[in-house]
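Beneath this line is the structure, given in structure tokens, with notes to follow.
The values are calculated or read from the model by the stated rules, or taken from the named source; none is laboratory data. Note that the coordinates shown come from a computational prediction; the quantities given were computed from them, not determined experimentally. For accessibility, only protein heavy atoms count, side chains too; no ligands or nucleic acids. Shrake-Rupley method; radii C 1.70, N 1.55, O 1.52, S 1.80 Å.
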Amino acid sequence: MAHISVVRPTNTSSGKPAPVAWLMTHAAGDQGALYTVEGYRRRGLAQWVVRDRLEKDRGGQGVRGHVWVARGNAGSEGLWKKLGWGRGWSVRW
């Protein structure tokens with residue numbers, strides 16, 4: 001079963017605002033579809049979404065999943081490194 005965490009802005013007057021950051025966790029524990037809308041980047045939202053999702057998925061036990069990052073995606077590599085994650089192995093498809 002997949003789970004999703006979403007961040008929505010609160011300063012809107014038109015109904016339910018569209019998400020600005022989200023993360024989907026797959027049943028196998030991998031973190032997928034992490035995205036922050038361009039105008040909301042560099043505010044720590046991706047970090048918050050990851051921590052929130054892991055806390056909910058793992059029940060506060062500090063257990064981690066895994067993530068696939070394309071080699072050379074410096075932004076994504078930097079984000080996961082800031083969160084304390086490291087490279088475990090490399091895969092080629």
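See the values below:
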{"item": "Residue-level accessible surface for W22, protein heavy atoms, 1.4 Å, Å²", "result": "80 Å²"}
{"item": "Backbone HN-Hα couplings from phi across the stretch 82-93 [Karplus 6.51/-1.76/1.60, Hz, Gly and Pro as x]", "result": "4, 7, x, 8, x, 6, x, 6, 10, 10, 10, 10"}
